[in-house]
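Trainee: Take a look at the following structure, please.
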Amino acid sequence: MSEVRDGMRIDWDVPIVMDDGLALRADVYRPIRGDTHPVIMSYGPYGKWLHFEDLYTDQWRRMIEQHPDVPAGSTNKYQNWEVVDPEKWVPDGYVCVRVDSRGAGRSPGYLDIWSARETKDLYHCVEWAAAQPWSTGKIGLNGISYYAMNQWQVAALQPPHLAAICIWEGAIWPPSASGRGPPIITATSAITAAFCAPSAGPGSPRRSSGCSTAGEPEAGAAG
């Protein structure tokens with residue numbers, strides 16, 4: 001489904017077909033005018049229809065109280081945890097793409113976080129975005145924590161159209177016990193079932209319905 005709302009053209013649940021035939025689901029927020037634009041992409045298991053306020057209610061409340069500049073200038077309908085607000089970036093000429101990773105949110109399949117399969121999926125998402133008619137072919141990745149760590153992983157594969165990575169809190173561990181070698185990139189927080197939960201739908205009252213068990217054929221899909 002594609003619609004114009006809040007000053008953007010929004011394409012909901014766009015299929016991105018992987019090399020094994022599975023179709024991941026993405027939301028694309030883009031300028032209404034029909035030319036090409038650079039892309040800011042995020043890919044992860046938190047659920048693209050799960051609003052920031054529903055996932056972390058207390059943190060949302062403190063943020064808007066202590067940092068009123070963050071919600072200013074936006075309806076905040078599309079504020080998700082640890083990714084950019086499209087209402088802040090689309091008016092400046094960017095396309096924002098949010099992809100639910102395999103087995104999470106609206107994407108089917110088996111959820112296998114930080115796996116080689118997931119990294120390969122993100123590679124294909126980058127190249128898919130570069131080939132779209134609304135894209136300049138320059139794809140940047142942006143996000144915090146999980147969305148930062150998987151940037152390191154896919155950048156190592158050198159997707160031809162990956163132009164930039166913006167890593168916030170992409171955690172590291174110290175070098176190995178031997179004292180040799182570079183820091184090891186790893187997780188700092190657990191992914192819980194709530195991160196995978198879809199909302200009732202885009203623009204609907206933001207209450208999550210829970211998360212399907214990882215590995216179910218249609219994890220997170222609407223029933």
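The values are calculated or read from the model by the stated rules, or taken from the named source; none is laboratory data. Just so we're clear, the structure is a prediction, and the values are computed from it rather than from any experiment. Here the Cβ is made from the backbone with ideal geometry for all residues, glycine too, and neighbour counts use every protein chain on show.
Trainee: Output the qualifying pairs, or none if there are none: Cβ atoms under 7 angstrom, residues six or more apart or on different chains, first residue in the range 143-171 and closer than 13 Å to residue 114 by Cα, second residue surrounded by fewer than 18 Cβ atoms within 10 Å (Cβ to Cβ) and charged (D, E, K, R).
Mentor: Close Cβ pairs (under 7 Å, with a partner that is surrounded by fewer than 18 Cβ atoms within 10 Å (Cβ to Cβ) and charged (D, E, K, R)) amount to 145/169; 148/169.
Trainee: What residue, among those in the range 118-145 that are over 23 Å from residue 30 (Cβ atoms) and assigned to a helix (DSSP H, G or I), is farthest from the chain's Cα centre (by Cα)?
Mentor: 120
Trainee: Mind checking whether some residue in the range 39-60 is small (Gly, Ala, Ser), surrounded by fewer than 17 Cβ atoms within 10 Å (Cβ to Cβ) and either modelled with pLDDT under 95 or under 22 Å from residue 149 (Cα atoms) (or both)?
Mentor: no
Trainee: I would also like to ask the following. Only one residue in 18, 8, 1 is closer than 22 Å to residue 151 by Cα, in contact with a strand residue (DSSP E or B) (Cβ under 9 Å, 6 or more places away or on another chain) and not acidic (Asp, Glu), so which one is that?
Mentor: 18
Trainee: Is it true that some residue in the range 2-20 is in a loop (DSSP other than H, G, I, E, B) and polar (S, T, N, Q)?
Mentor: no
Trainee: Right, next: Quick check on residue 175: is it in a loop (DSSP other than H, G, I, E, B) and modelled with pLDDT of 90 or more?
Mentor: Answer is no for this residue.
The rows are residues; the columns are (1) surrounded by fewer than 20 Cβ atoms within 10 Å (Cβ to Cβ); (2) closer than 19 Å to residue 26 by Cβ; (3) in contact with a Ser or Thr (Cβ under 7 Å, 6 or more places away or on another chain).
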position: 83; (1), (2), (3): no, yes, yes
position: 92; (1), (2), (3): yes, no, no
position: 100; (1), (2), (3): no, yes, yes
position: 110; (1), (2), (3): yes, yes, no
position: 113; (1), (2), (3): yes, yes, no
position: 116; (1), (2), (3): yes, no, no
position: 147; (1), (2), (3): no, yes, yes
position: 154; (1), (2), (3): no, yes, yes
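Here's the yes/no breakdown for (1) at negative phi; (2) polar (S, T, N, Q); (3) modelled with pLDDT under 90:
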| position | (1), (2), (3) |
| --- | --- |
| 111 | yes, no, no |
| 117 | yes, no, no |
| 138 | yes, no, no |
| 144 | yes, no, yes |
| 155 | yes, no, no |
| 171 | yes, no, yes |
| 179 | no, no, yes |
| 186 | yes, yes, yes |
| 194 | yes, no, yes |
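Trainee: Assess whether residue 105 counts as being assigned to a loop (DSSP other than H, G, I, E, B), touching a residue at least 40 places away in the same chain (Cβ under 8 Å) and buried (at least 19 other Cβ atoms within 10 Å of the Cβ).
Mentor: Answer is yes for this residue.
Trainee: Residue 134 passes all but one of (1) in contact with a Lys or Arg (Cβ under 9 Å, 6 or more places away or on another chain); (2) loosely packed, with under 14 Cβ neighbours inside 10 Å; (3) at pLDDT 95 or above; which number fails?
Mentor: For residue 134, the failing item is (2).
Trainee: Still on this structure: With the checklist (1) surrounded by fewer than 19 Cβ atoms within 10 Å (Cβ to Cβ); (2) at pLDDT 95 or above; (3) not polar (S, T, N, Q) in hand, flag the one item residue 123 doesn't pass.
Mentor: Evaluating residue 123 over (1) surrounded by fewer than 19 Cβ atoms within 10 Å (Cβ to Cβ); (2) at pLDDT 95 or above; (3) not polar (S, T, N, Q) leaves (1) as the failure.
Trainee: Here's a follow-up. Please state which one of 60, 89 is within 23 Å of residue 14 (Cα to Cα) and in a helix (DSSP H, G or I).
Mentor: Going through 60, 89 in turn, just one is within 23 Å of residue 14 (Cα to Cα) and in a helix (DSSP H, G or I): 89.
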